[in-house]
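As structure tokens, the structure follows; a few thoughts come after it.
The values are calculated or read from the model by the stated rules, or taken from the named source; none is laboratory data. Source: prediction; values computed, not measured. Cβ placement follows ideal geometry from the backbone for every residue including glycine, while neighbour counts extend to all protein chains displayed. In case anyone asks, the SASA skips ligands and DNA or RNA and just uses the protein heavy atoms, side chains included. Shrake-Rupley method; radii C 1.70, N 1.55, O 1.52, S 1.80 Å.
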Amino acid sequence: MQNIALIDNSAISRSIFSSLQPHQLRVLHVRPSAKPEAPLICHLSVQRPLERRYKALSYIWGDPTVTVPITVDGCPFNITTNLEAGLRQLRSAYEASLPATSDEQIGNSSNDGYGCDGCEQLIAGTRYQCLDCPDTDFCGDCVEAARSGDHEAHRLLEACMDLTVWVDAVCINQHDTDERNEQVRLMHETYASAWEVMVWLGPEENDSGRAIEFISHWAGRLRAIGVSSYEDLLEDGRISDHINQRLISLLTPDRLEGEYSLASSSNWLALTHFVSRPWWYRLWIFQEIVLAHSISILCGPHVMLWADMLGSQFLAEQWSSHTTDRSAASMLGFPTSLSAWRSAYREMRVTGKRNPMFHPLSLVKHIAGRHCSDPRDKLFGFVGMQALLGRTDIVHVDYRRSAEQVYQQFAKDQILHWQPSLAVINFAGLGRGRSLTATDLPSWVPDWRDHQLKTYIMEKAHYTKAWMRWLHLATASISDDGRRLTVPGLRFDCISAIDVDSSGGFAFELLGNDFGLYPTQCSRFHALFRTMLEDHVTSSFQEYRITSRTVMQIHGFMLGALSCMCQQRLNKLNSWPSMADVPSDSSTQPLAALDLSRDLPPEIGTGSVFPWSLDVYTTADNAILTWPEYTDWNEHVEHMVGFWKSQANGNRAQRRLYRTAKGYFGAGPTHIQEGDVVCVLFGGETPFLLRRREGVDGYLLVGETYVHGIMDGEALDERQIESADHSAVTRFDIY
């Protein structure tokens, strides 16, 4: 819910807001007018979500200190200028859909021009609309026969000539906390039951009309080749091969010509401004759009169907080919993401099968980084999705509680009642620079106020299955005061050295002068390379673990890493240049020398960089110390150096690499320290870093960590730990 406490309508709230019963809401009736500048004359009524048809408005509040009055039930009611502009535009669009009439003829129950589809007479009195059949209306005498006949399973509701809209700023008494709590809990019904959700992006500016036409044009081109929905375009989150062939058919020479040319910088600039509007970053739009039955987008006088945003996915694919601006390309990904969630939601409604996308942590991960004025809404913003999980108690909406109380209760419930029980603490810890003095939260409770859209959370899908074997050992408990988390686990190691530079270097200095094997008996360079990528790579809508790739691909990845290291050592640099820098031919000479010698330089260490098998733990005795015969340096070096750097820099942006006392390499949050303890906590999906508290017993959570060689449960396997009573198990008190 948008925080609109700064707008004081308390003086009239008692006169216009009647009490609501459970599962009731108010709707705002806006009187139509043929004159755009006419005052907004409105009245409120109370109904249940499906009792009468209404539209729901999705918008940004704007500056709450700049307001204008509208008339509600005869009283002046202050709203922000952006909302007032949105209601005017919505009224104009609605007016255009009505039969021609003058302002004097418009009334709440006027039905001039409407005929009954039952008796085929003009409707006098109350008109009923069928919400499931377009342009089907009945008079009061025929509606009962329709309900028991052909329209028995349809929704026949009372119609009104007024524009009927639900808008939170007016339909909820913002000065009544109990009502706010109840209405937020009802939000999923409010938007799911709306006849249409109207998105108000704001007034026309920065060529927004051109952007809408640009998107709609390419959406039309997609429909012409049989791609009419998100489900048609993508399969499992990526463009399928057969659809890709259809898309190629669009790339004809005329794509670079005419008004909607992909070569037009004006079109791309307009699109950049369009997808940069504040509405796209608003938190509440997630459930408003995902739950909506039908969606239209208003931007100034222009109207576009949400289905036309399909064109944005195609344009996102074309962006890098036709413009040098990479920053806005990712912005087009959010409409596609919303469409993916809408698709998954509809599938759940039809099949009844739960989708892991709607796990509470998956939901909060995707929405908590979005903008809202009330920090409690970081969690309240997905309360409408609870029903899909068969639960109504995941988040209890109560605006009387502080943000810290809301966050702490959520973390506690996740640990005690959900599996994996410690999944929530992957979002917590001091490692991202969080200060305990600036918040009243324990270190193991995520502070969702700090969660950004691009916050790094380790990709756990590749490791989860291995950790599931020890879920039966998860016996976490929380103290009565909610401050101490006690969880059994294994103390594995501690950090002894941290990389020199996380801003662009690849931490090759952690190799040191030790030419021995890695603890798992592979090459130490091999282990460091895998640690830099945390053993997974992102490419073409896919994320995969490196061990699942072919030998040739592993050779390519390693080739890029080795080239970077050789140039770094050659230039005696502690950090590698920016990702945009491409090594010159001379910088690859060390690799050319390796090609001639067909062996590895001594400084890399014993063992093969490229194990012949996919077994990451190949020993030196079994490794082939020669380069593969088919390695083509001229073809692969430059490409793989760029690919390697893009992957490694993506991880390094929010990570620090380290070496442990036992010689393991790891990747952790940016604010790690020497002496931080590497541990395995039962109920977690990854290893974690803990830090001893100063002067008192117990630990603070630093954060999740990748440690090469124990990501599949090897630390527990080696000790044959099958019970929490094992002598190697420690109970960690985390505060």
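General observations
- Among (1) farther than 29 Å from Gly62 by Cα; (2) open to solvent by 60 Å² or more (accessible area, probe 1.4 Å); (3) in contact (Cβ under 8 Å) with a residue 24 or more places away in the chain, the one test that His366 misses: (1)
- Scanning the stretch 168-204 for residues that are touching a helix residue (DSSP H, G or I) at 6+ places or on another chain (Cβ under 7 Å), within 16 Å of Ile289 (Cα to Cα) and part of a loop (DSSP other than H, G, I, E, B) turns up just one, Leu201.
- Only one entry in Arg88, Arg26 is modelled with pLDDT of 95 or more, part of a strand (DSSP E or B) and not aliphatic (A, V, I, L, M), namely Arg26.
- Screening Trp467 with (1) at pLDDT below 90; (2) under 24 Å from the mean Cα position of the chain (by Cα); (3) not charged (D, E, K, R) gives one miss only, at (2).
- Answer residue from the stretch 667-695, given it is over 24 Å from Asp725 (Cβ atoms) and part of a strand (DSSP E or B) and is farthest from the chain's Cα centre (by Cα) among those: Arg692
- Subset of the stretch 50-85 [more than 22 Å from His188 (Cα to Cα) and not in a strand (DSSP E or B)]: Gly62, Asp63, Pro64, Thr65, Val66, Asp73, Gly74, Thr81, Asn82, Glu84, Ala85
- Selection within the stretch 645-659: residues that are under 20 Å from Arg432 (Cα atoms) and polar (S, T, N, Q). The member of this set that is modelled with the highest pLDDT is Gln654.
- Among the residues examined, Val165 does not qualify as assigned to a helix (DSSP H, G or I), in contact with a Lys or Arg (Cβ under 9 Å, 6 or more places away or on another chain), modelled with pLDDT of 90 or more and surrounded by 19 or more Cβ atoms within 10 Å (Cβ to Cβ).
- Summed over the stretch 273-284, the residues that are assigned to a loop (DSSP other than H, G, I, E, B) and open to solvent by 10 Å² or more (accessible area, probe 1.4 Å) give a count of 2.
- Looking only at the stretch 207-231, and only at residues there that are outside any helix (DSSP H, G or I) and more than 27 Å from the chain's Cα centre (by Cα), the one that is nearest to Ala93 (Cα to Cα): Asp207
- Answer residue from the stretch 295-335, given it is among the hydroxyl-bearing types (Ser, Thr, Tyr) and not in a helix (DSSP H, G or I) and is modelled with the highest pLDDT among those: Ser296
- Criterion (at pLDDT 90 or above and either assigned to a loop (DSSP other than H, G, I, E, B) or open to solvent by 10 Å² or more (accessible area, probe 1.4 Å) (or both)) met by exactly one of Ala263, Ala270, Ala292: Ala292
- Residue match in the stretch 706-728 (condition: without any contact (Cβ under 8 Å) to a residue 40 or more places away in the chain, outside any strand (DSSP E or B), closer than 13 Å to Arg491 by Cα and open to solvent by less than 70 Å² (accessible area, probe 1.4 Å)): yes
- Condition check for Asp632: modelled with pLDDT of 90 or more and more than 25 Å from the chain's Cα centre (by Cα): no
- Among the residues making up the stretch 103-161, those that are among the aliphatic types (A, V, I, L, M), open to solvent by less than 70 Å² (accessible area, probe 1.4 Å) and modelled with pLDDT under 80 are Ile106, Leu131, Leu156, Leu157, Ala159, Met161.
- Residue in the stretch 61-73 that is within 26 Å of Trp306 (Cα to Cα) and open to solvent by 50 Å² or more (accessible area, probe 1.4 Å) present: no
- The requirement of being modelled with pLDDT under 90, open to solvent by 20 Å² or more (accessible area, probe 1.4 Å) and either assigned to a helix (DSSP H, G or I) or out of contact with any Gly (no Cβ under 6 Å at 6 or more places or on another chain) (or both) is fulfilled somewhere in the stretch 473-496, by at least one residue.
- Checking every residue in the stretch 184-196 against the condition of being under 25 Å from Thr80 (Cβ atoms) and of a type in the set (Asp, Glu) gives at least one match.
- Only residues that are out of contact with any Asp or Glu (no Cβ under 7 Å at 6 or more places or on another chain), assigned to a helix (DSSP H, G or I) and not small (Gly, Ala, Ser) were counted across the stretch 409-450, and they come to 16.
- Qualifying residue in the stretch 674-685 (condition: surrounded by fewer than 19 Cβ atoms within 10 Å (Cβ to Cβ), farther than 19 Å from Leu528 by Cβ and among the acidic types (Asp, Glu)): no
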